[in-house]
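Right, one structure below, let's go through it.
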Amino acid sequence: MSDLHLATDEEFVRVGSRNRGLPANAAFGWLRAGWHDLMSTPAPSLAYGLVVFAVSAVIVGGLFLFRLDYILFPATAAFMVVGPLMAVGLYEKSRALEQGKAVSLARMIFVRPASGGQILFVGFIMLGLALLWMRAAVIIYALFFGWRPFPGLDHLAPMLFTTPIGWAMLVVGTAVGGVFAAFSFAISAFSVPMLLDRRTDAFTAMGTSISLVWNNRPVMITWGGIVLLLTLVGLGTGLMGLIVTFPVLGHATWHAYRTISPEPGVKE
């Protein structure tokens, strides 16, 4: 029994040591650092943001072209799930600036993660999570409105906000979406930068990310709110805002990782 208690105490110390003791407003420091990285040789970052804008515009246009606009809002949520993976090149620029190396768009596009193909494995998991989230949204709509055809975006707001069924769907949809959002944020907040920076496996990176997010909840809740707000700003400006907001968030995420994640070789 004594060995069992000893192991439990050691595990408690190891996990508890991942609490960095950061105040909630430390997240704004990451945002400032991200802006600084954007303005340091801004052309590659803005070009990167322009590519994200163009890809997003093509996807949204395709949804309307093929009359799939009913999954527009779930697709927007899915964008936030896969966003950390799309920002790998921005992490690479911030790392290069940190190391005093040259920065170029080619370096940001042709990234060589230290973990190799493990980062693609995380990408597949995140993509699967995004697709599952989109499917869940369609199922929730069907549960409340049956097989009624999607009324179109023009009639969506009155249907949701002026009927009891719409209110109920909003409550359930928000709760389910919150679970997906929290889980996707926890596994991706630090796993993708870690796989870029270190030679490790996908499950270790995701598990470490979850642990670091959980043990630093005040600052990570603030950071999650900032990510959500700036993403909504980017989307709400007809996607044009993503040209700036996406690079800022990508660079800032790297600084969040460098602040909270332990140094390689440090045992916790």
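Read-outs throughout are calculated quantities, based only on the coordinates presented, and are distinct from any laboratory measurement. Since this is a predicted model, take the numbers as computed values, not measurements. Using ideal geometry, Cβ is built from the backbone for each residue, glycine included, and neighbour counts are taken over all protein chains shown.
Worth a mention:
- Per residue of the chain, the DSSP helices (runs of n ≥ 4 H) give a summed -39500 (n - 2.57) that works out to -25500 deg cm²/dmol at 222 nm.
- Seen through its C-alpha gyration tensor, with square-root eigenvalues sorted a ≥ b ≥ c, the range 30-260 comes out prolate because a/c lies at 1.5 or above while a/b is bigger than b/c.
- The range 43-70 and the range 187-246: distance between their alpha carbon centers, rounded to Å: 20
- Contact order for the chain, expressed relative to its length and based on alpha carbon pairs under 8 Å spaced 6+ residues apart, stands at 37 percent.
- Dipole of the chain, positive end: most advanced residue of PRO42, HIS251, ILE187 [Cβ charges, Cα centre]: PRO42
- Take the chain and mark each of the chymotrypsin sites (Phe, Trp or Tyr not before Pro) that is in a DSSP loop with at most 10 other Cβ atoms within 10 Å; the longest unmarked stretch, sites excluded, is 148-268.
- Exposed trypsin sites (Lys or Arg not before Pro) absent - longest run of the chain, DSSP non-H/G/I/E/B, at most 13 other C-beta within 10 Å: 102-198
- Most positive-pole-ward Cα, LEU72, PRO84, ILE109, against dipole of the range 30-260 from beta carbon charges: ILE109
- Charged-residue dipole, Cβ positions (Lys, Arg, Asp, Glu), the chain about Cα centre, Debye nearest 20: 420
- Compared with the dominant principal axis of the Cα atoms in the chain, helix 42-65 is inclined by about 30°.
- Listed residues ALA157, LEU170, MET206: farthest to the positive end of the dipole of the range 153-268 (Cβ charges): MET206
- Ascending count of other beta-carbon atoms within 10 Å, so fewest first, for GLU98, GLU92: GLU98, GLU92
- 3J(HN,Hα) from dihedral phi, the range 104-112, Karplus parametrisation 6.51/-1.76/1.60, rounded to Hz, x for glycine, proline: 8, 5, 4, 5, 6, 7, 9, 7, 10
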